[in-house]
Amino acid sequence: MYSFYFGRMALPVTPQKLTVKIKGNNKTITLANEGDISFLRHPGLTEITFDVMLPMLGQYPFAGKYRKPDHYLDIFEGLITRCEPFRFIVSRVSPSGKLLYDTNMKVSLENYTVTEDATKGPDVTVAVTLKQYIDYSTKTVKVIMPEQDGKPTITEEKERDDSTAPTAQTHTVKPGDSLWNIAKQYLGDGARYIEIYNLNKDKITDPNSISAGQVLTLP
């Protein structure tokens, strides 16, 4: 038994056939006196195709919760026009009820073709093509132009490693401490005690009353 989901939406009729195409990106070139050699590359994006039937009248016992075809067609159109990836899930269960394996992939809806065939009744058939979607982000580069003729230098600016980020300064309250004295010690001005209070409202209910052992975050 199979179940197909577009995100949280289950298709009303399970497609009879699912095709998964894994595209290779290897390249073969011919070297002089050496013959053909192959450059092995990472595979391309996986492509998934299948046909789904959308019942017009909902008269089939094998169909899920009945909704008219335009409900699903509106969803398909929205997935393309909003340019949003989504989760494609195929759940497989054996006849005995044992859970087999699932396909769970982030995809984009590349295209869909709607076919109405009078010889097959009023139902609508939609040919769907999905493509694997991989999250990515842009990179920032720094370009340094030479003072004289020459090629510019281009370097990629990497994000700072969280492990090297500066840690917040703290103070462990000692007997006799007050926010005024702590502000004067660390900030040079006792009147700035309110800044320490605002940073530590989760620990301090009254700025005039702090307890020994509290660890306060400092501006």
Worksheet item: Restricting attention to the range 44-70, which residues are in a helix (DSSP H, G or I) and loosely packed, with under 13 Cβ neighbours inside 10 Å?
Response: Asp70
Worksheet entry | Test result for Thr170, within 30 Å of Leu199 (Cα to Cα), at pLDDT 70 or above and surrounded by 10 or more Cβ atoms within 10 Å (Cβ to Cβ) | yes
Response to the item:
Of the listed residues (Leu45, Leu40, Leu79), the one being more than 19 Å from the chain's Cα centre (by Cα) and assigned by TED's automatic domain parsing to the domain that holds Met9 is Leu40
Worksheet item: Just wondering, is there one or more residues in the range 75-98 that are farther than 25 Å from Pro122 by Cβ, among the polar types (S, T, N, Q) and part of a helix (DSSP H, G or I)?
Response: yes
Practice prompt. Name the single residue, out of those in the range 26-37 being surrounded by 10 or more Cβ atoms within 10 Å (Cβ to Cβ) and touching a Phe, Trp or Tyr at 6+ places or on another chain (Cβ under 9 Å), that is farthest from Ile48 (Cα to Cα).
Written response: Lys27
Discussion item. Just the residues that are touching a Gly at 6+ places or on another chain (Cβ under 7 Å) and among the charged types (D, E, K, R), please, taken from the range 1-45.
Written reply: Lys23
Fill in: Subset tally (residues that are closer than 30 Å to Val90 by Cα and among the aliphatic types (A, V, I, L, M)) for the range 14-58
10
Worksheet item: If you take the residues of the range 89-106 that are farther than 22 Å from Pro69 by Cα and of a type in the set (Val, Ile, Thr), which of them is surrounded by the most Cβ atoms within 10 Å (Cβ to Cβ)?
Response: Thr103
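The values are calculated or read from the model by the stated rules, or taken from the named source; none is laboratory data. Remember, it's a predicted structure, so these values are computed and weren't measured experimentally. Because the Cβ atoms are built from the backbone with ideal geometry, glycine has one as well, and the counts that use them run over all protein chains shown.
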